[in-house]
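Note sheet for the following structure.
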Amino acid sequence: MIKKLLKRVFRPADNIQNVNGAQHIPHSLHGIDGEQISYGARRVTEGLQAAGYQAYVVGGAVRDLLLGCAPKDFDVATDATPEEVRRVFRRSRIIGRRFRLVHVMFGEEVVEVSTFRRMIEEDAAETDEHGRLLRDNAFGDQRQDAARRDFTANALFYDPATRVIHDYHRGYEDTRAKILRMIGDPATRYREDPVRMLRAVRLSAKLGMQIESGTAAPVVRLKSLLENVPQARLLDEVLKMLLSGHSVDCIQRLREMHLHHGLLPLLDVILDQPQGEKFVMLALRNTDERLAQGKPVSPAFLFAALLWHEVLADWKQFQNAGERPVPALHAAMDSVLARQKSRLAIPHRHDAVMKEIWLLQLRFEQRAGQRPFRLLEQVRFRAAYDFLLLRCASGELPDELGLWWDEFQEAHADRRAEMLQPEGADERKRRRRRSRRKPVANGASDA
């Protein structure tokens, strides 16, 4: 009798329950503790629940914790409206136009709080001629909010108070199995937001997940929809891929899904340019390693590296047309940036850094007189030097040049004087090399 009673009492805590169409996964199965949730996210859910609202940690944070990864940030979803959230937390602000969110501040931590939302009925949603949703936001309930999210792994709701995960789309099972599956019909969801195709690639590479076959199938025939995405959104997603810490895997998966064409001119040509591909992969690997070590990475440096092959090609064309090297390089830089910005809106604030890195490459071969000393004083010297090392590692330049500058930076005054080359030596070397050098490619690192 006692055994049966104990079995009835403890069974709900050890098994998945179905409540109002959602699976409730207990702590005994998923293992996520409240202490793994950030202080701010816990305070937000506690405060909203104490005020009588529903509140859950949602999306990528829950997914990452199930996969044993440290979440970058913690978002909260609630049935409270933005104004109601604002009344509960005085240190908060309402942001956004298309759909209002609330940022709640706890020292340096900012917790983003969204109200449950739903998709408007198809005949009332605002779309473009390709089916991309332009305006469809409306408040809803938890079930509707889950259905609106992209992948099942991102539609999980964790309650820190009960330590229970609410799952409407079997996202818990998919996450444990490392499967990335679209909620709803994949083709329809890609038409609603084509960026989801890129997001699938990024998440699968970052998290080591396999894109479910039905989710991957429509991508090849729908990839042209990316041409209709606003440049700012496309740039944001490309940067997330390049700065994910798994950029090499992202590029490889973009190729596999035939999505690399059109995002960056470089990605269109590296398959046919072995040396350019080597340079780019070195740059991306360098970026991934820096991020893994907790070091900063400059987007401007990374874009300079990714576009270097294009600059080299245009530079050669301008010189062949009779331009001198320096004016030709300026013309090539302007040409490449203008061409790239017509497809991917790289912010203007990166232009100056990119151009400095490219222009300083001309000066590394000038190792006579006071030129090396003046180069060391340049603000972008370190970034340009890292760029030079990538060029040497890819075979574009001789290793000797990178080794010379490595030693010159650290040498004492007498040794530096010994290392300087005779006046005119650099120009003679350039003439000899120009007669046999082939057009080359690419670069990457930090600024």
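The values are calculated or read from the model by the stated rules, or taken from the named source; none is laboratory data. For clarity, every value in this text was computed on a predicted model and none was experimentally measured. Using ideal geometry, Cβ is built from the backbone for each residue, glycine included, and neighbour counts are taken over all protein chains shown.
Which ones in the stretch 1-47 are modelled with pLDDT of 85 or more, among the polar types (S, T, N, Q), surrounded by 11 or more Cβ atoms within 10 Å (Cβ to Cβ) and more than 30 Å from Val104 (Cα to Cα)?
Gln17, Ser28
Filter the stretch 300-323 for residues that are of a type in the set (Gly, Ala, Ser) and either part of a helix (DSSP H, G or I) or within 23 Å of the chain's Cα centre (by Cα) (or both); which is surrounded by the fewest Cβ atoms within 10 Å (Cβ to Cβ)?
Ala313
Every residue in the stretch 238-264 that is within 13 Å of Leu344 (Cβ to Cβ), under 12 Å from the mean Cα position of the chain (by Cα) and surrounded by 19 or more Cβ atoms within 10 Å (Cβ to Cβ), please.
Selection gives Val238, Met241, Leu242.
Given the condition of a type in the set (A, V, I, L, M, F, W, C), at pLDDT 95 or above, in the same structural domain as His169 (by TED's automatic domain parsing) and assigned to a loop (DSSP other than H, G, I, E, B), answer yes or no: does some residue in the stretch 48-65 qualify?
Looking for residues that are of a type in the set (A, V, I, L, M, F, W, C), at pLDDT 95 or above, in the same structural domain as His169 (by TED's automatic domain parsing) and assigned to a loop (DSSP other than H, G, I, E, B), one finds at least one in the stretch 48-65, hence yes.
At least 3 residues that are closer than 18 Å to Ala153 by Cβ in each: list the helices (runs of 4 or more DSSP H) lying fully within the stretch 207-246 that qualify.
213-216, 231-242
Quick grid of which residues meet (1) at pLDDT below 90; (2) surrounded by 16 or more Cβ atoms within 10 Å (Cβ to Cβ); (3) under 23 Å from the mean Cα position of the chain (by Cα):
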residue	(1), (2), (3)
Ala80	no, yes, no
Val102	no, yes, no
Met119	yes, yes, no
Ala124	yes, no, no
Asp141	no, no, no
Asp150	no, yes, yes
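Of all residues in the stretch 175-207, how many are free of Cβ contacts under 8 Å to residues at least 60 places away in the same chain and under 23 Å from the mean Cα position of the chain (by Cα)?
Going through the stretch 175-207 one residue at a time, the tally reaches 18.
Is it true that Ser213 is among the polar types (S, T, N, Q), modelled with pLDDT of 90 or more and buried (at least 18 other Cβ atoms within 10 Å of the Cβ)?
Answer is no for this residue.
So which residues in the stretch 347-378 are of a type in the set (Lys, Arg) and touching a strand residue (DSSP E or B) at 6+ places or on another chain (Cβ under 6 Å)?
Arg367
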